[in-house]
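The values are calculated or read from the model by the stated rules, or taken from the named source; none is laboratory data. Being a predicted model, the structure only gives us computed values, none of them experimental. Positions of Cβ are generated from backbone atoms using ideal geometry, with glycine treated the same way; all protein chains shown enter the neighbour counts.
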Amino acid sequence: MHLLIEKFGLLSGWLLASTAIFLRYTLFAGLAFTLFYILKKKAFAWARIQEKHPRARIILSEVQHSAYTAFIFALMAVALYFLREAGYTQIYTDISTYGWGYFLLSFLLLVLLHDTYFYWMHRLLHHPKLFRIFHWVHHLSHNPTPWASLSFHPLEALAEVAIIPIAALLIPFHPLALLLLATWSLIWNVIGHLGYELFPKGFVHHPLLRWFNTSTHHNMHHQRSGCNYGLYFNFWDTWMGTNHPEYRNTFDQIKRRSRSSEMFDV
Ligand SMILES: [Zn+2]
Ligand SMILES: [Zn+2]
């Protein structure tokens, strides 16, 4: 962002960053959608989480709101630029300052911090008063597609990225670690909204893998609400008792279906 603003000015830098964020979303969500909803729809029918197909009107709304989100996310990058110029952040630009070991550690810290922030922010946004203002747009999708990955009300998009400037005040990180976090986050969002369960049988019972969330986990959040609030990991949902009681059974049912001839019509 620093380079974009220095080279093209504030407004053009913001617009270019928004475009880059939207294009990255289009690439990841578009690839997943093309593969699972167009080219290999029949071949992957066994892995569908919900029987019904998402409506075109909702998919268009997902893309439209994700485009707004790109502008908000880029606004956060602009805010980060000003914070850094004012000397408030701990962002550093030379990897050798702390070395590659710390670079990896800072990325892991950012992931854990973001996961914790997301869980509690998301639970808060499900308070009826806040839901009506911030979170209703995201829940227009009861049967989400990868295009729902960034489909937020602009105010929710702001709340989603508010953790980044806070993290920049607390943790020294390189801009590349932030770029990695954004890409990691998008990939997990595409998985969460995929509509297909691709993780292998037994995943949710494995002593280590069970701590990662699955497509089924977030899909159930869109179907039923009031449960399964987590993003990357299952820690907080487990500790706070907010996993849907049927989460693991639902996952197992989909995996059983995949081994039998039973599948949804396409
Ligand atoms: Zn929600
Ligand atoms: Zn969602």
When the range 171-199 is examined, which residues are found to be among the small types (Gly, Ala, Ser), within 10 Å of the chain's Cα centre (by Cα) and closer than 19 Å to ILE59 by Cα? GLY192
Output the residues belonging to the range 57-78 that are aliphatic (A, V, I, L, M) and within 12 Å of HIS138 (Cα to Cα). ILE58, ILE59, VAL63
In the range 176-195, is there at least one residue being within 16 Å of ligand 2 (Cβ to nearest atom), surrounded by 22 or more Cβ atoms within 10 Å (Cβ to Cβ) and on the phi > 0 side of the Ramachandran plot? yes
Could you check ARG256 against (1) over 23 Å from ILE38 (Cβ atoms); (2) more than 16 Å from ligand 2 (Cβ to nearest atom); (3) free of Cβ contacts under 8 Å to residues at least 60 places away in the same chain; (4) under 18 Å from the mean Cα position of the chain (by Cα) and say which number it fails? (4)
In the range 228-254, the residues that are touching a helix residue (DSSP H, G or I) at 6+ places or on another chain (Cβ under 7 Å) and among the polar types (S, T, N, Q): ASN228, ASN234, ASN243, THR250
Matching residues in the range 71-112 - criterion: being part of a helix (DSSP H, G or I) and on the phi > 0 side of the Ramachandran plot: GLY99
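Quickly run through the range 64-78 and pick out the residues that are among the β-branched types (Val, Ile, Thr) and surrounded by fewer than 20 Cβ atoms within 10 Å (Cβ to Cβ). Reasoning before the result, please.
Keep residues of the range 64-78 that are among the β-branched types (Val, Ile, Thr), which gives 69, 72, 78.
Listed by number, the list holds a single entry, VAL78.
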Pull out all pairs, ordered by first then second residue, where Cβ-Cβ is under 8 Å, the residues are six or more apart or on different chains, the first lies in the range 26-49 and is surrounded by 12 or more Cβ atoms within 10 Å (Cβ to Cβ), and the second is hydroxyl-bearing (Ser, Thr, Tyr) and at pLDDT below 95. TRP46/SER258; ALA47/SER258
If you check ARG224, ARG248, which single one turns out to be out of contact with any Ser or Thr (no Cβ under 6 Å at 6 or more places or on another chain) and modelled with pLDDT of 95 or more? ARG248
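Residues checked against (1) closer than 20 Å to ILE191 by Cα; (2) of a type in the set (Phe, Trp, Tyr); (3) touching an Asp or Glu at 6+ places or on another chain (Cβ under 8 Å):
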position	(1), (2), (3)
LEU16	no, no, no
ILE49	yes, no, yes
PRO54	yes, no, no
LEU60	yes, no, no
SER66	yes, no, no
LEU75	no, no, no
ILE95	no, no, no
TYR98	no, yes, no
TYR102	no, yes, no
Which of the residues belonging to the range 119-135 are assigned to a helix (DSSP H, G or I), over 16 Å from the mean Cα position of the chain (by Cα) and within 9 Å of ligand 1 (Cβ to nearest atom)? PHE131
Among the numbered conditions (1) outside any helix (DSSP H, G or I); (2) more than 16 Å from ligand 2 (Cβ to nearest atom); (3) farther than 30 Å from PHE22 by Cα; (4) touching a residue at least 12 places away in the same chain (Cβ under 8 Å), tell me where HIS244 comes up short. (2)
Tell me which residues, restricted to the range 21-40, are under 23 Å from VAL161 (Cα atoms) and charged (D, E, K, R). ARG24
